[in-house]
Structures are given as C-alpha cells and as structure tokens.
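Here the structure comes first, spelled out in structure tokens, and everything after it is commentary.
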Amino acid sequence: MFPFQTDCPDFHTEKVIYAAPGAQGGTEVSVEVYFEPSHLGESKGILTLSSLAGGEYTIPLFGVALAPKPQGPFLIRAGYSIVIPFKNVFYRPVTFSFIVENNAFSIRATDSVKPKKINNITVYFEGNPSGSKTPITSKLIVTCPPGEGNDTAIKWVYYLKGITP
C-alpha cells in the first residue's frame, strides 16, 4: 500500500494504491495523475509516494493550461432547448458573463458559480424569425474577467446551430 500526495491542487491522483510486494529487481507500478488546471499557464507540483518497506519517492509534475478551444456546433431544433455543462475551474466562486449573439437563441444560466462545480447552461432556440427553414448559427460566449484566478479575461466559445425541421 502506497499513500500518494501532491503539493499542487491542480494535480489529482488516487490517495492510496495497492501493489504486490516487489521482486529483488523491483516492481513497476502505474499511477494515473489527472491535471485539472485552475488558471492559464504553467502548473508545477511534486507527487510524493511512500511506504515503510519501499521508502519515499518524489516525482515532478508539470502541466500547461491553454485558453479554451471553441466547441460545437451544438444543434438545437426550433422550439426546443439543450443543456451545455459549464464548470467553474477556479477555487472560489466566480461571476461569469453569458452572451448569445443572435436573438433567435436565449439562455438561462446562473452567473455566480461555486468553485469546481458545474453550471448547466440551458440554450433555447425559438426558430428562424423569417419563417425560413434555413439553419441559423450563433455563438454563446462565456467570459470570466481578469482577477478571478487569471491575469487576463478568459473566454469560452460555444457554436450554436438552430434548425427548423
């Protein structure tokens, strides 16, 4: 049994891993480390594992968080809605701004999101205002102002495509 510990909250792993006793030359054991960044840029940490029989090992961890990539398109039929899960990646509550570029779409979302929690953004598509069956496209833009765990504003873009059957 090996207890694990990281010194950076952006890296996560199982707290304990069980391994069979090693042979004289040692035994290889795999450990999954998850990187869930809370800010843009670099994160560094140390993973420490120890046991009475095996001693202590320290493993350097390094991760880089880039700006979020646009997602979608999310298809929405006229008169219906979809839910887009959006997670507050920061360690404190954050007030986000939500903007949809085309009035044929409307959204319902909570602007203040608890730390590390998911906020479901509900997007409604009313239909093509002209009555045409031509699809309508738009963008949902979620922004976080500077100072919320980041030096610059962060923007998440979701492409929307409204279809009228």
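Of the heavy-atom accessible surface of the chain (probe 1.4 angstrom), what whole percent is carbon and sulfur? C and S fraction of accessible area: 55 percent. Charged side chains reduced to their Cβ positions (Lys and Arg at +1, Asp and Glu at -1) give region 25-108 a dipole of some 500 debye around its Cα centre. Derived from the Cα gyration tensor, the three semi-axes of the equivalent ellipsoid of the chain are 45, 18, 12 Å, largest first. Taken per residue, the accessible surface of the chain reaches 63 Å², heavy atoms only and a 1.4 Å probe. For region 51-147, the Cα-based Rg and Dmax, in that order, read 19.8, 74 Å. The local environment of K87, defined by Cβ-Cβ distances under 13 Å, has a net charge of +2 under the rule Lys, Arg +1 and Asp, Glu -1. Sorting 78-84, 65-71, 7-13 by their mean Cβ neighbour count within 10 Å, with the most densely packed peptide first, gives 7-13, 78-84, 65-71. For the cross-link pairs K15/K155; K44/K116; K116/K161, the ones whose C-alpha atoms lie over 24 Å apart are K15/K155; K116/K161. Projected label points at T137 and D7, each 7 Å from Cα along the beta carbon direction, are separated by 4.8 nanometres. Bridges between two residues of the chain, per DSSP, are antiparallel at a rate of about 90%.
Between V16 and S97, the FRET efficiency estimated from the beta carbon spacing at R0 = 35 angstrom works out to 0.25. I'd like the FRET efficiency for N128 and K87, computed as 1/(1 + (r/R0)^6) with the beta carbon distance as r and R0 of 30 Å, rounded to 0.05. E(calc), rounded to 0.05, equals 0.40. The Cβ shell under 12 Å around S43 holds other residues with a net charge of -3, Lys and Arg each +1, Asp and Glu each -1. Backbone amide hydrogens, once placed in the peptide plane, bring Y80 within less than 5 Å of F125, excluding anything fewer than 5 places away on its chain.
The values are calculated or read from the model by the stated rules, or taken from the named source; none is laboratory data. Remember, it's a predicted structure, so these values are computed and weren't measured experimentally. So basically every Cβ, Gly included, is an ideal-geometry build from the backbone, and we count neighbours across all protein chains shown. Remember, those area values only see protein heavy atoms, side chains included, never the ligands or the DNA or RNA. Shrake-Rupley method; radii C 1.70, N 1.55, O 1.52, S 1.80 Å.
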